[in-house]
Amino acid sequence: VQLQASGGGLVEAGGSLRLACAASGIAFSTYDKGWYRRTPGDQREWVASITSAHDTAYTDSVEGRFTISTDNAKNTVYLQMNSLQLEDTAVYYCYAQRGGDLFWGQGTLVTVSS
């Protein structure tokens, strides 16, 4: 099983980025997927999730700015991040979970500058 995250980078405040997480080795569409982030202060925070039924949820600080989606044909989950703020600077990790099975991607760094 492999989850490969990509799309991080350096962006100015107010800008946008789209993260992608491509999975292999699992029946991707049957898993719940999501994103966590680890901030420079080493805080771990759940960001967003999407169930296998496509129900979505977001942490309050990104509600209305971030959108999580999936393309099951591509085995990929996305995180569209708009109106980025300095506080969004973090390493973003994708995950896929089904029952007791939990798989993580390797993380992609997002840096928001002023």
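The values are calculated or read from the model by the stated rules, or taken from the named source; none is laboratory data. If you're wondering where the values come from, they're calculated on a predicted model, not measured in any experiment. Cβ coordinates were reconstructed from backbone atoms using ideal geometry, including for glycine residues, and neighbour counts include every protein chain displayed. Heavy atoms of the whole protein, side chains included, go into the accessibility calculation; ligands, DNA and RNA do not. Shrake-Rupley method; radii C 1.70, N 1.55, O 1.52, S 1.80 Å.
Data overview
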{"item": "Subset tally (residues that are among the hydroxyl-bearing types (Ser, Thr, Tyr), without any contact (Cβ under 8 Å) to a residue 40 or more places away in the chain and farther than 22 Å from residue 87 by Cα) for the range 37-55", "result": "1"}
{"item": "Test: residue in the range 82-89 that is part of a strand (DSSP E or B) and out of contact with any His (no Cβ under 9 Å at 6 or more places or on another chain)", "result": "no"}
{"item": "Residue match in the range 98-105 (condition: open to solvent by 60 Å² or more (accessible area, probe 1.4 Å), farther than 18 Å from residue 2 by Cβ and over 14 Å from the mean Cα position of the chain (by Cα))", "result": "yes"}
{"item": "Residue tally, condition within 14 Å of the chain's Cα centre (by Cα) and open to solvent by 50 Å² or more (accessible area, probe 1.4 Å), over the range 76-85", "result": "2"}
{"item": "Given (1) small (Gly, Ala, Ser); (2) part of a strand (DSSP E or B); (3) open to solvent by 30 Å² or more (accessible area, probe 1.4 Å), number of the condition residue 73 does not satisfy", "result": "(2)"}
{"item": "Breaking point among (1) in contact with a Phe, Trp or Tyr (Cβ under 9 Å, 6 or more places away or on another chain); (2) touching a residue at least 12 places away in the same chain (Cβ under 8 Å); (3) in a loop (DSSP other than H, G, I, E, B); (4) not charged (D, E, K, R), for residue 19", "result": "(3)"}
